[in-house]
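Visitor: Okay, here's the structure, questions in a sec.
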Amino acid sequence: MTERVDVVVIGMGVGGEELANTLADNGLNVVGIESHLVGGECPYYGCIPTKMMIRADDMLAEGRRIPGFAGDSTVKADWTPVARRIRDVATDNWNDRVAVERFERKGGHFVRGAGKLVGPGKVSVNGTTYEASRAIVIATGTSAAVPPIPGLDRVKYWTNREAVKVEQLPDSLVILGGGAIGVELAQVFARFGVKVSIIEGMDRVLAMEEPEASAVLGEVLQREGIELWLKSRAQSVEPRGDAIAVNLDGGRQVTGQALLVATGRRANLRDIGLETVGLDPSTRLLEPNDHLRVGERLWAIGDVTTSGGFTHMAIYHAGIAIDDILGKPGPGADYRAKPRVTFTDPEVGATGLTEEQAIRKGIKVRTGIQKASVTSRGWIHGPGNEGLIKVVEDADRGVLVGATTMGPRGGDLLGIFELAIKLQIPSDELRHLIYAYPTFYRGTGEAVRKLGPDQHAPMR
């Protein structure tokens, strides 16, 4: 059976849902296809539930910081209300009925299934082929990337999905991967009394971020009792009674009652028919133009693209693609100030290029670093004030190309740097801005001043 429609959206995660809802709101005949849950990873297994977990572990940490500063405290961790809040409040017990009905109220047609491209302008699902006159949008997201470690198939391991759904905590947990997901969940479970070990192949956690931020976070995690096995790789995995043993290079072994695989994400592009529309079916990621087009009447947004990787990027992409599909003029994608945040304590925010990335691009770099703990607000804050602000400048042009904001509410400090990088505001202007005292963001000016003296004429 064939049906003619205006738009088909393959994948109703955050970006696909936003796009499908908006186009339906604009009167288009939109088919939204999703094989799992409308809303995708973020509301059910990622951003929302994990930040609920992090909010809970931050409460415990703050309670434990009271002695010596505000009296005495006794803190008893209890995972039950956290699990209940995730199940009942955040995810409706992993049921997307509300999201599906919201889309249908806007006039959209929802199909539960695995959509597959079957030629230009055509998508097949559940025996029906939809011919789209206006657009097909690929928004199939990512899944946990599970490495081919011998023996992993013999044990019951977690990905982020199982970690979020857990209702009874294990006594001990081994985490493969010291990236954002690994360190966030490590800190959560450790603060609830789980003995946590992280196995990371690089020489530091958060290896994609500035080394200064990695060093601070590594010290914090170890101080909280988390074991870091750096420059270590899992050679094999095996069941060991009620535990799981991970055998490392060099004959070392780490055991835990549970195992979390947090070694990255893989775009869901396999077997969706890319070859039928002239795209490479073996590609890891799609590379759209600045209006997210990957072909004639074909768009790709979010995690399946080379510039995705975050919920905010999927939403950003959706907005650009929506205007393009509707024929509205608008700017293309600009990734110079692409932000990211790791929600550990301290929080690690970053935008633009790291120092290393800038040097690799041939930029003449100047950097400035201000420790969060020695700013006025950081000193006032006391326990939990670890962190730093680091700025990376193109010294020839006198503008910032990157920044890291680490500390209490580190992610919330990113805004000024995103704006400065996107609009190419001269560093000299940032030096002479009036920063409210005593605030965390006042460290912005202190970091910029550590770049050195004015070198270019301000805009005044």
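The values are calculated or read from the model by the stated rules, or taken from the named source; none is laboratory data. Quick caveat, the model's predicted, so the values are computed rather than measured. As a convention, Cβ positions derive from the backbone with ideal geometry for all residues, glycine included, and neighbour counts pool all protein chains shown. Note: areas computed on protein heavy atoms with side chains; ligands, DNA, RNA excluded. Shrake-Rupley method; radii C 1.70, N 1.55, O 1.52, S 1.80 Å.
Visitor: Restrict the search to the range 5-108; then list the trypsin sites (Lys or Arg not before Pro) that DSSP places in a loop and that have at most 12 other Cβ atoms within 10 Å of their Cβ.
Guide: Lys76
Visitor: A further question follows. Counting alpha carbon pairs within less than 8 Å and at least 6 residues apart, what relative contact order, in whole percent, applies to the chain?
Guide: This gives 14 percent for the chain.
Visitor: Measuring with a 1.4 Å probe in the full set of protein chains, what accessible area per residue, in whole Å², belongs to the range 108-246?
Guide: It amounts to 42 Å² per residue over the range 108-246.
Visitor: Oh, and also: By how many nm would the segment from Tyr437 to Arg270 lengthen if fully extended, with 0.36 nm per residue of separation less the alpha-carbon distance?
Guide: 54.8 nm
Visitor: In Å², and per residue, what accessible area does the range 16-64 have when probed at 1.4 Å with the other protein chains present?
Guide: Value returned for the range 16-64: 34 Å² of accessible area per residue.
Visitor: I need the calculated FRET efficiency for the pair Asn289 and Asp171, taking r as the beta carbon distance and R₀ as 41 Å, to the nearest 0.05.
Guide: So the FRET efficiency works out to roughly 0.20.
Visitor: Sticking with this one: Over the range 155-199, with every protein chain in place, what whole percent of the accessible area is carbon and sulfur at 1.4 Å, could you tell me?
Guide: Carbon and sulfur: 47 percent of the exposed surface of the range 155-199.
Visitor: Could you tell me how far the Cα centroid of the range 199-231 sits from the Cα centroid of the range 277-352, in Å?
Guide: Cα centroid to Cα centroid, the span is 29 Å.
Visitor: Taking 7 Å along the Cα-to-C-beta vector as the label spot, tell me the Asp334-Arg360 distance in nanometres, rounded to one decimal.
Guide: 2.4
Visitor: First obtain the Kirkwood hydrodynamic radius of the range 296-403 from its Cα pairs, then insert it into the Stokes-Einstein equation at 25 °C and 0.890 mPa s, and state the resulting D in µm² per second as a whole number.
Guide: My calculation gives 149 µm²/s for D.
Visitor: Take the solvent-accessible surface of the protein heavy atoms, probe 1.4 Å, and return the percent of it on the range 1-142 that carbon and sulfur atoms account for.
Guide: Here it works out to 47 percent.
Visitor: For Phe440, what is the net charge nearby, where nearby means another residue's Cβ is under 10 Å from its Cβ and Lys, Arg count +1, Asp, Glu -1?
Guide: Counting the neighbours of Phe440, the net charge comes to +2.
Visitor: Of the heavy-atom accessible surface of the range 410-460 (probe 1.4 angstrom), what whole percent is carbon and sulfur?
Guide: 62
Visitor: Label points 7 Å out from Cα along the Cβ direction at Leu419 and Arg240: separation in nm?
Guide: Distance between label points: 5.3 nm.
Visitor: What is the P(r) of the range 157-283, as percent of Cα-Cα pairs per 5 Å bin from 0?
Guide: Cα pair-distance distribution for the range 157-283, in percent: 2, 10, 20, 20, 17, 11, 7, 6, 4, 2, 0.
Visitor: Can you list the equivalent-ellipsoid semi-axes of the range 60-113, largest first and in whole Å, using the square root of 5 times each Cα gyration tensor eigenvalue?
Guide: For the range 60-113, the ellipsoid semi-axes come out as 43, 12, 7 Å.
Visitor: Oh, and also: Stretch Gln455-Arg87 to full length: gain in nm at 0.36 nm per residue minus the Cα-Cα span?
Guide: Taking Gln455 through Arg87 to full extension adds about 127.0 nm, to one decimal.
Visitor: How do Met12, Met208 stack up against each other in accessible area, from largest to smallest, with a 1.4 angstrom probe?
Guide: Solvent-accessible surface, decreasing: Met208, Met12.
Visitor: Tell me the label only: which of [x] 27; [y] 33; [z] 19 is percent of Cα pairs over 40 Å apart as calculated from this structure?
Guide: [x]
Visitor: Please work out the FRET efficiency for the pair Ser282 and Val155, using the Cβ-Cβ distance as r and a Förster radius of 35 Å; give the result to the nearest 0.05.
Guide: 0.75
Visitor: Simple spin-label model, 7 Å along Cα-to-Cβ: Ala70 to Ala215 in nm?
Guide: 3.2
Visitor: In a shell of Cβ-Cβ distance under 14 Å around Ala24, excluding Ala24 itself, what net charge do Lys and Arg (+1) and Asp and Glu (-1) give?
Guide: -2
Visitor: Moving to a separate point now. Suppose we take every Cα in the range 1-147 and form the convex hull; what volume per residue is that in Å³?
Guide: 154
Visitor: What net charge is computed for the residues neighbouring Thr375, neighbours being all others with C-beta under 9 Å from the C-beta of Thr375, Lys and Arg scored +1, Asp and Glu -1?
Guide: +2
Visitor: Quick check for you: with a 1.4 Å probe and neighbouring chains kept, what is the accessible area per residue of the range 304-415, in Å²?
Guide: I get 39 Å² per residue for the range 304-415.
Visitor: Same structure, new question: Among 209-215, 107-113, 283-289, 1-7, how do they line up from the highest to the lowest mean number of other beta-carbon atoms within 10 Å?
Guide: The packing order, highest mean first, is 209-215, 107-113, 283-289, 1-7.
Visitor: Share of antiparallel DSSP beta bridges in the chain, in percent to the nearest 5?
Guide: Of all bridge pairs located within the chain, approximately 60 percent are antiparallel.
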